[in-house]
1. For the stretch 1-85, which semi-axes, largest first and in whole Å, follow from the square roots of 5 times the eigenvalues of its Cα gyration tensor?
2. Please list, or write none, the lysines whose alpha carbon is within less than 23 Å of the alpha carbon of residue 340, excluding same-chain residues fewer than 8 places away.
3. Using Cα centres only, tell me the gap between the stretch 217-274 and the stretch 434-507 in whole Å.
4. Let a ≥ b ≥ c be the square roots of the eigenvalues of the Cα gyration tensor of the stretch 431-511; is it rounded (a/c under 1.5), or, if not, prolate (a/b larger than b/c) or oblate?
5. Which pairs, out of 485/627; 508/645; 13/36; 109/172; 146/277, put more than 27 Å between their alpha-carbon atoms?
6. Keeping the other protein chains in place, figure out the carbon and sulfur percent of the accessible area of the chain, with a 1.4 Å probe.
7. Where the centroid of each part is defined by its Cα atoms, how far is the stretch 324-400 from the stretch 517-584 in Å?
8. For residue 581, which sequence-distant residues (separation of 5 or more, or a different chain) have an amide H within less than 5 Å of its own amide H, given hydrogens modelled in the peptide plane?
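The values are calculated or read from the model by the stated rules, or taken from the named source; none is laboratory data. All of these numbers come straight from a predicted model, not from anything done at the bench. Note: ideal-geometry Cβ built from the backbone for every residue, glycine included; neighbour counts use all protein chains shown. Just the protein is used for accessible areas: all its heavy atoms, side chains included, with ligands, DNA and RNA removed. Shrake-Rupley method; radii C 1.70, N 1.55, O 1.52, S 1.80 Å.
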Amino acid sequence: MISFLKKIPLTLKLVLIGTIPIIFLIYFSMVIYKGKKQKLEVMGDYIERINQSAVLGDLINNLGIERKFSIRYLLTDSFFNELSQQRTISDSIINEIVQENDFGLSGFKEYTFLDELPAVRSKISTTTPAFSINSVIDYYSSTIYKLNSLNASIPSSNVYLTSIYQDLLAQKILSDYITIFEIIRTNVFNSLNSRQYMVETLLGSYGAYKTIKSYEIEFRLKASAQSSELFDSIRNKTSFKPTMDYLDSLFTNFEYDNTYDANEWWQISSTGIAFIKEMQHNLWQSAESQMVIAYNTEKKLQNVAFILIAISILFVVAFVFFFAGIILSQLREIKNAARKISRGATGVNLKNMPRGTIGSLAKSILQIERNNLTMARAANEIGSGNFNVKINPRSEDDLLGKSIQKMKHDLREFNSQKDKIQKETLDLVRKRDEFFSMTSHELKTPVTSLKAYTQLLLMDANNPGDTDEKVRKGMLEKIEKQVDKLVTLINDLLDTSRLQYGELHYHKRAVKLNNVVSGIISEIQLSNPEHRIIFQKNINVQVFVDEDRIGQVVSNLLTNAIKYAPQSKEIIVRLDKHGDKVICSVRDFGYGIESYHYEKIFERFYRISEENMHTFPGLGVGLFISKQIIEKHDGRLWLDSELGKGSTFYFELSVFTKS
Ligand code: ADP
């Protein structure tokens, strides 16, 4: 379910977010509106009932008058006109009620005895046979009583407006009060008029008297303070006071009281009850007008509520759509920017982005773009060979940053390797060129002198006896020397080539190093008589070596000592034993070597090419071969030198001890 909800497109989600509260809003608005409508209906219903009460009250009043006029007519046989006028008024009110066609009062004539009214009237009118006053009172009283029971049923206390409720209740009590009072009053009038006063008659009305007393108590309890006050003032100050006082004494003493005759009683009680009737009428009117005002206010409020609800719904809808639109357009912008960036484009712009999630999303997109740009620029710079550009990976997870950083490192490494190789290649080419020129030169010198001596000897052969025997011998010796040089040269070249391919073979055996060294010294000394080679420390020491190769090393060192020390005539050779090692040193007092060359002179074809060194023949392989030979004997070869003062070359070998 949740995954289904997640899959709903954003637009739909936003619409749902907006729609759901709107639906709730509409629902609750309807509920409120319905409630208000019901309230209005209840109020409208009450207004109708109050109206109904008013008409019924009117009818009750007029029937009361008609009753009085009927009795008077029956008693006096006069005032018929007034009676018939009153009958017309009563009829018009009855018609009014019939025409109103109120559901609550439909067919009311049948159960209020009003159907019998025409018959009763005609009986009164014809007066033959005399229609008894009691029958008149009975008929009218029961009709009035019944009508009064139809008077507005009292609204329950859940009506919203308490003051209206109070007034309605008060008028209802008064209405009942008046009805019962009329019965008592009529009875008293009848007794006074007929002078047929009897305790029994009073007792008959005593219940009614008690009832109106109870109504008084009820009224004071239920009516508003203002109405109670008004009632009391009517009760104690108006002509209603003597009326009630008269009744009070009558029903307390149960004795005939002649304070008033019948007409006086009728007169005074009519004026008295008129105050109460007026009060009841006023209460009606007050309740009705209050109810109408409340109804109208409520109706207005209902309309206002309706308009407000409609406006708020409109606002909510507008806001939802407006903001949903904004969110969607911003997301669309971000999507397009992201798409552009994914295609590798730069210069992406995102303006007016809000704070919060969308804002930080936009920022991240822009950051990606900026990073891409920085990386692209950096890669470009690195590609152009500028390795000074700074690359700082943004985090441990920044693969791109790390890769570019590695690329920079590798390229720089590659570049420096390339430069080195280039330099070495150039060096090699230079060395090769030098080698060729030196080799040609080295070969040419002995070959030229060989050719010269050979020619001389040929000439001598053609003219025998021209050349002295000694001279010829000298020439032959020189030829031999040159041939030796050539042999050494060729041997060196061959050795170099063999060394390169690892084909130099050693035939090791235990030999006395001092013998090997002194042998070579003698050889070299012989061909270089102008130098004095001093074997300063000759110790007897045995080594396990290839004698010829070690001899070759000593020979190389001595030849160099002679070659590079032409001014100085002395060369010192020593053998020194240090523990199980023996060190052979060859010291000259020639040009000396700068420390910078210490390593390099052991490289193949390396020759120090300072100006003054140029004049010395050589191929730059002697020390290279020597070092290889010594290292193959697990020894070391090194030097010590001071420019202008001479050099000492050392090699160290292990002393051989027979075990
Ligand atoms: P070559 O002597 O044929 O040039 P080597 O390999 O024997 O080749 O020597 C390499 C270089 O070392 C020489 O060219 C020279 O410049 C320098 N060298 C060797 N021995 C001495 C020395 N005793 N005194 C000064 N320079 C020397």
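1. 73, 8, 6
2. Filter leaves 351, 363.
3. If we compute the Cα centre of each part, the gap is 177 Å.
4. Cα axes put the stretch 431-511 in the oblate bin.
5. From the list (485/627; 508/645; 13/36; 109/172; 146/277), the Cα-Cα distance tops 27 Å for 508/645; 13/36.
6. About 56 percent, which is the carbon plus sulfur part of the accessible surface.
7. Between the Cα centre of the stretch 324-400 and that of the stretch 517-584, the gap is 75 Å.
8. Amide H to amide H, under 5 Å and 5 or more residues apart or across chains, residue 581 pairs with 655.
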